[in-house]
Amino acid sequence: MQRVAVDCDQSVSVHELISTWLPQPFALSPWATWTLFSLIRHRQRQAFVAEIVRDRLGVKLEDLAQRGYAAHPPDKGRGVVPGLADWEYNLHGRGCCVTHRLSGIEIDVDFFDNTSDWFEPWFYQCYLSTLKTPEIWEKRLMELHPQFSDQGPPFETIKLAFTELQEAAFLEAHSERTSIVKLAFDERALSSQMTWFETAAEDSHLLMRLAAVIGDWPLVGDLQTAENVEGNVTEAAKQVIALREQKLIRLFAEENQQKVALKGLQEIDSVFLDEYITTILKQGIPEVETALEMLLKRNDKTWCPLIHEFYQQFNPAGSVDEFPRPEIWGQCLEFLFRHQYSFPEAAEVFSNVHQYCLGEAVVLALEYRPSQALKLFRAALRSEIPNNRMIAAAVLALIDQPWSRQELLDAFRESDESDQTAECRAALLETQCSQVHQIVLEWQARHPFQRQSNEWMTVEEVNIQSLPVYLQWEMDGLRERILPLRNVILPEFENE
């Protein structure tokens with residue numbers, strides 16, 4: 001990182017920096033370099049969480065690392081951080097997540113020893129997804145990893161930077177869990193140099209100096225005015241993207257890497273992206289859901305024939321060794337209906353819906369075939385498959401009209417079983433009607449939740465207890481699609 005130190009010498013002009021470093025490729029890609037900068041700062045954020053756990057909650061880090069839940073203070077697993085009213089904490093297993101109550105920023109840390117040095121990539125990705133006003137390091141990192149959808153893991157392609165940093169010996173893996181990493185060098189000198197750039201985060205001239213030194217030529221080109229972009233910089237920027245593209249293409253050929261490779265190709269707007277999406281749809285390989293998600297976001301109707309061809313061959317129930325994939329069935333139909341594509345099966349789509357697809361079907365019918373929606377709602381709410389009940393209940397809770405609340409009540413009153421009525425009860429409590437709240441609360445008082453054991457909870461018990469949270473997640477995921485449909489009147493209720 002001696003190159004960064006040179007950059008701090010302002011006697012050297014930007015032009016000199018560009019001329020010096022253009023012929024000398026940087027050791028890391030821009031994606032890995034900005035991730036490294038961010039992790040250096042994130043280590044300090046994780047130290048803040050460690051301080052809360054150790055000094056404000058009274059939990060020893062090593063004890064938490066070794067004993068997990070057994071190290072949690074009795075009845076103090078979550079709450080407002082003592083002495084820090086702007087922060088909430090949630091102890092979980094061997095870790096702790098703190099959330100800023102105003103900004104929503106989440107910093108989550110798992111402890112593997114008496115330090116907070118270890119990074120869990122998933123926690124780091126989630127931290128990035130909570131940022132509203134990112135700092136200089138995260139801002140550029142998020143530009144390099146644009147989020148095209150709210151579905152799926154956030155900033156998933158950042159895992160490629162973690163791999164690159166490990167290969168370059170900037171990160172080292174935990175001896176027992178290879179996905180967990182920490183900095184493998186003394187970062188204090190580099191951290192001090194980073195501070196110099198943070199003092200002028202809005203200075204594009206200073207940012208361009210840093211970008212030139214670390215070989216982020218696409219950013220250098222963006223920061224230079226169009227008429228002043230040097231030809232060599234433009235070519236260098238193209239080369240950076242080309243190298244990234246080649247790496248992603250090689251990755252696509254590896255087993256279980258198609259998804260992250262596909263997302264990476266989308267991030268750089270690769271000309272090969274359509275070719276790979278076509279391959280996925282024609283071969284039906286596992287990452288078809290990601291490909292369909294991209295096409296839904298792009299909204300280009302020329303893909304309709306290929307999507308229909310795939311739809312005809314797709315079995316939402318899966319094979320003997322596969323999980324059911326009703327979401328793919330729904331994605332195909334959403335695309336075809338959205339573009340009013342004429343296909344032979346359209347008229348009968350909702351007449352004989354596969355049992356696994358009832359949840360997806362209620363959303364599609366409400367959007368495109370309201371006359372067939374009610375029977376699907378009723379079937380989904382009474383389905384033996386929890387996912388169907390969850391989706392239907394979430395949709396009706398978002399609609400929150402007299403008819404939707406009545407459908408939830410009718411299904412809820414047909415059973416005294418906690419698991420069969422859990423989705424309807426949770427959905428009714430999400431509505432704005434105090435009368436139905438009272439009905440549910442009275443039922444729950446008559447049917448109190450009883451655990452089979454005082455020592456542990458079964459998976460079913462955990463699911464029932466957590467179901468209100470799961471329902472809220474489902475509602476959040478459907479909100480954008482359903483709220484514009486709140487005033488849709490189903491034919492059966494037109495005269496009410």
Seminar exercise, completed: Of all GluC sites (Glu not before Pro) in the stretch 231-322, the ones in DSSP coil with at most 14 other Cβ atoms within 10 Å are Glu254, Glu255, Glu322
Exercise. Quick one: Karplus J couplings for the stretch 191-197, per residue in order, coefficients 6.51, -1.76, 1.60, θ = phi - 60°, nearest Hz, x for Gly and Pro?
Worked result: 4, 5, 5, 4, 4, 4, 6
Exercise. Using a 1.4 angstrom probe and counting only protein chains, how large is the accessible area of Asp274 in Å², to 10?
Worked result: 60 Å²
For this session: Could you tell me whether the stretch 101-171 comes out rounded, prolate or oblate from its Cα gyration tensor? Rule is a ≥ b ≥ c as square roots of the eigenvalues, rounded for a/c under 1.5, then prolate if a/b exceeds b/c, otherwise oblate.
Result: oblate
Exercise. Considering amide H positions built from the backbone, and no H for Pro or chain starts, which residues 5 or more places from His92, or on another chain, come under 5 Å of its amide H?
Worked result: Cys97
Exercise. Roughly how big is the chain's charge dipole about its Cα centre, with Cβ charges of +1 (Lys, Arg) and -1 (Asp, Glu), in debye to the nearest 20?
Worked result: 420 debye
Seminar exercise, completed: For Lys297, the lysines lying under 18 Å Cα to Cα, once residues fewer than eight places off in the same chain are dropped, come out as Lys259, Lys263
Seminar exercise, completed: Percent relative contact order for the stretch 315-428, counting Cα pairs under 8 Å at least six residues apart, stands at 19 percent
Seminar exercise, completed: Between the alpha carbon centres of the stretch 405-437 and the stretch 324-394 the gap in Å comes to 21 Å
Exercise. Quick one: Karplus J couplings for the stretch 300-305, per residue in order, coefficients 6.51, -1.76, 1.60, θ = phi - 60°, nearest Hz, x for Gly and Pro?
Worked result: 9, 5, 5, 7, 3, x
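Which GluC sites (Glu not before Pro) does the stretch 146-198 hold that lie in a coil by DSSP with at most 10 other beta carbons within 10 Å?
Answer by residue number: Glu176.
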Seminar exercise, completed: The helix 204-213 Cα axis meets the longest alpha-carbon principal axis of the chain at an angle in degrees, between 0 and 90 and rounded to 10, of 80 degrees
Problem set entry | Degrees between helix 30-51 axis and first principal axis of the chain (Cα, 0 to 90, nearest 10) | 70 degrees
Problem set entry | Rounded to the nearest 20 debye, dipole of the stretch 274-321 from Cβ charges on Lys, Arg, Asp, Glu | 180 debye
Seminar exercise, completed: Per its Cα gyration tensor (rounded if a/c is under 1.5, else prolate when a/b beats b/c, else oblate), the stretch 20-141 is best filed as prolate
Seminar exercise, completed: Spelling it out for Leu171: with amide H atoms placed in the peptide plane at 1.01 Å from N, the residues 5 or more places away or on another chain with amide H under 5 Å from its amide H are Gln166, Ala184
Exercise. Over the chain, what relative contact order in percent results from Cα pairs under 8 Å that are six or more residues apart?
Worked result: 10 percent
Problem set entry | In Hz, Karplus ³J(HN,Hα) per residue of the stretch 52-69 (6.51, -1.76, 1.60; θ = phi - 60°; x = Gly, Pro) | 4, 4, 6, 8, 10, 9, x, 10, 6, 4, 5, 5, 5, 5, 8, 10, x, 4
Exercise. For the chain, what is the mean residue ellipticity at 222 nm derived from helices alone (per DSSP H run of n ≥ 4: -39500 (n - 2.57); sum divided by total residues; nearest 500 deg cm²/dmol)?
Worked result: -17000 deg cm²/dmol
Problem set entry | Proximal aspartates and glutamates relative to Lys282, as straight alpha-carbon distance under 13 Å, when same-chain residues fewer than 8 apart are discounted | Asp274, Glu309
Seminar exercise, completed: For the chain, shape from the Cα gyration tensor axes a ≥ b ≥ c, cut at a/c of 1.5 then a/b versus b/c, turns out oblate
Seminar exercise, completed: For Lys238, counting only aspartates and glutamates whose alpha-carbon sits under 17 Å away and dropping same-chain residues fewer than eight positions off, the answer is Glu143, Asp216, Asp222, Glu230, Glu267, Asp269
Problem set entry | C-alpha long axis of helix 402-412 to longest principal axis of the chain, angle in ° | 80 degrees
For this session: Return the long-range amide H neighbours of Phe119 (sequence gap of 5 or more, or a different chain), with a cut-off of under 5 Å between placed amide H atoms.
Result: Val181, Lys182
Exercise. To the nearest Å, what is the center-to-center distance of the stretch 112-163 and the stretch 184-263, using C-alpha atoms only?
Worked result: 16 Å
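The values are calculated or read from the model by the stated rules, or taken from the named source; none is laboratory data. Everything numeric in this text was worked out from a predicted model, so none of it was measured. Note: ideal-geometry Cβ built from the backbone for every residue, glycine included; neighbour counts use all protein chains shown. Surface areas here come from the heavy atoms of the whole protein model, side chains and all, with no ligands, DNA or RNA. Shrake-Rupley method; radii C 1.70, N 1.55, O 1.52, S 1.80 Å.
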